[in-house]
Every structure is written in structure tokens, then in C-alpha cells.
Amino acid sequence: MPHTMELACEAEDCELDMVELHYTYQMPDDVGVADFQCPYCGQTDSLREIEL
């Protein structure tokens, strides 16, 4: 099953609660939160991974 990553944006003015990323097996192993940006506000430094 492909890996999933759940992210939350902690920027004060952002309305995004959570986004779930699904990506294929071809994604490099070292991909992390820093490689993505918030799809709502566009910031990169305010994302954090949600650990379940």
C-alpha cells in the first residue's frame, strides 16, 4: 500500500485543518514535510506532520 502522510498547517491566518498526502512507491525514501507546501496558504515552514 502506498505511503500516506497527514499534515496540518499551523499558520495563524490559514484555514486548513488537515491534508492527507498519498504517494506512490517511486517517491524517494527521504521525502518529508519540508518537501511540501500548504495547498491553502502556500507556506512551507508552518506545516507539521500529524503522528497517529
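Taking the condition of a type in the set (Gly, Ala, Ser) and modelled with pLDDT of 95 or more, does ALA34 pass?
Here the answer is no, as ALA34 does not meet what is asked.
I'd like the full set of residues that are modelled with pLDDT of 90 or more and assigned to a loop (DSSP other than H, G, I, E, B), limited to the stretch 1-16.
Scanning the stretch 1-16 gives GLU10, ALA11, GLU12, ASP13, CYS14, GLU15, LEU16.
With the requirement that a residue be among the hydrophobic types (A, V, I, L, M, F, W, C), part of a loop (DSSP other than H, G, I, E, B) and surrounded by 11 or more Cβ atoms within 10 Å (Cβ to Cβ), what does the stretch 24-52 give you?
Result: MET27, VAL31, PHE36, CYS38, CYS41, ILE50.
Report whether or not LEU21 is within 9 Å of the chain's Cα centre (by Cα), surrounded by 15 or more Cβ atoms within 10 Å (Cβ to Cβ), in contact (Cβ under 8 Å) with a residue 40 or more places away in the chain and part of a strand (DSSP E or B).
Considered against the rule, which asks whether it is within 9 Å of the chain's Cα centre (by Cα), surrounded by 15 or more Cβ atoms within 10 Å (Cβ to Cβ), in contact (Cβ under 8 Å) with a residue 40 or more places away in the chain and part of a strand (DSSP E or B), LEU21 comes out as no.
The values are calculated or read from the model by the stated rules, or taken from the named source; none is laboratory data. The shown structure was predicted, so the numbers you read here are calculated from the model rather than taken from an experiment. Don't worry about glycine lacking a Cβ; one is built from the backbone with ideal geometry, like all the others, and counts go over all protein chains shown.
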